[in-house]
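So the structure is just underneath, and the comments pick up after that.
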Ligand code: ATP
Ligand code: MG
């Protein structure tokens, strides 16, 4: 158990690091951030910062020397960088887990090998493998980079062979993966924490709606049958166990129209779809993350309220900030980013509802004011 007063190193300087650092501070820890951006969202609220590249050995060494234990809010550190860190300090989650989650091919291979279904997929590294993949997966499909994708960047929906060829030429780095388009009823995610002793706890499955490839809304709990939610929880825990996780893991899933589940991707860190836990749970995903990394007990990931989380993306949403602050019931989070570029996550708002009374789409839209149109999850029966 890491005593209060010690320093938790967080690799990455964005909003996930910011909210993790705030949670760490409440538990008496100092957060120290490795970031390329001296005054970014995480650095603004942390006790210490090392400014440098994530693959710069000198920066990695200086960062490790300043901290007692290392974790991540950003996964794309090179294998060499991870090995360097792991040789100097305890690193949770392990470099092996980051290696799997960084690479869609390794990730899907791991998931399938451990009994988790995914969308049908095939590796694409040249013209011949592209044709073979199309023949096997069919079209329309989604061509994705295997590394460095986020918020829907690094992927293209392709309906014809010509579109696939054009996307193959454009998307970098290669190899790519061709994924069958899943005609899902809805998307959900499960956030699991696991300690070094193997103890696990998981937040209730939540439902995620995307707009333009970026998470827009999260509904907690997911508006799915209880039996589906139980299977999702079991699947999330199964993946965390198979990975030997120490830390936090988000498992994104598609719910097929028949209720079956496929894992879309995993992220061994706090996740945008877990932001609602800050207000709706006694222990948030960020505190759970810090607890797991610091070797503290993991209390049940209980939920005392239902919630809707709405992301604030780019200049248009940020322009609503004064109105958000003036709307009763909206709990505002601003990430302190200086510049509101289109597509950039600038903050989020959470709206709580008494447990068991998450309203339908109209009620949620009314509660969010000008913030969003809200659609329903398209599953048979089980509408609230
Ligand atoms: P993020 O960082 O937001 O998780 P990402 O760039 O890593 O995104 P994915 O999670 O692979 O990308 O895809 C983003 C979204 O695109 C998914 O949440 C889903 O809405 C849609 N999508 C991705 N793959 C498929 C698929 N095979 N079938 C249908 N929809 C898909
Ligand atoms: Mg995703």
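The values are calculated or read from the model by the stated rules, or taken from the named source; none is laboratory data. Everything numeric in this text was worked out from a predicted model, so none of it was measured. Ideal geometry is used to build each Cβ from the backbone, glycine not excepted, and the neighbour counts take in all protein chains shown.
How many residues are away from ligand 2 (no atom under 16 Å from the Cβ) and either crowded, with 21+ Cβ neighbours inside 10 Å or part of a loop (DSSP other than H, G, I, E, B) (or both) when one looks only at the stretch 236-256?
Total meeting the criteria: 7.
Being crowded, with 17+ Cβ neighbours inside 10 Å, under 28 Å from residue 359 (Cα atoms) and within 16 Å of ligand 1 (Cβ to nearest atom) narrows it down to one residue among 228, 201, 218; which is it?
Every option except 218 fails the conditions.
Taking the stretch 106-125, which residues are buried (at least 19 other Cβ atoms within 10 Å of the Cβ) and under 17 Å from residue 174 (Cα atoms)? Break it down into steps so the answer makes sense when it comes.
In the first step, residues of the stretch 106-125 are kept if they are buried (at least 19 other Cβ atoms within 10 Å of the Cβ); the result is 107-108, 110-111, 116, 118-119, 121-122, 124.
Correct list: 107, 108, 121, 122, 124.
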Helices (runs of 4 or more DSSP H) wholly in the stretch 277-343 with at least 3 residues that are without any contact (Cβ under 8 Å) to a residue 60 or more places away in the chain and over 19 Å from residue 151 (Cβ atoms) - which ones? 321-325
Return a yes/no flag: does the stretch 250-269 have any residue that is closer than 26 Å to residue 313 by Cβ, more than 15 Å from ligand 1 (Cβ to nearest atom), touching a strand residue (DSSP E or B) at 6+ places or on another chain (Cβ under 6 Å) and in the same structural domain as residue 358 (by TED's automatic domain parsing). no
Looking only at residues in the stretch 169-183 that are surrounded by fewer than 20 Cβ atoms within 10 Å (Cβ to Cβ) and under 20 Å from residue 261 (Cβ atoms), which one is farthest from ligand 1 (Cβ to nearest atom)? 183
Take the conditions within 15 Å of ligand 1 (Cβ to nearest atom) and at pLDDT 95 or above and apply them to residue 158. Does it pass? yes
Filtered residue count, the stretch 109-126, keeping only those that are in contact with a helix residue (DSSP H, G or I) (Cβ under 8 Å, 6 or more places away or on another chain) and assigned to a helix (DSSP H, G or I): 2
Take the stretch 257-276 and flag every residue that is more than 15 Å from the chain's Cα centre (by Cα) and in a loop (DSSP other than H, G, I, E, B). 257, 258, 259, 260
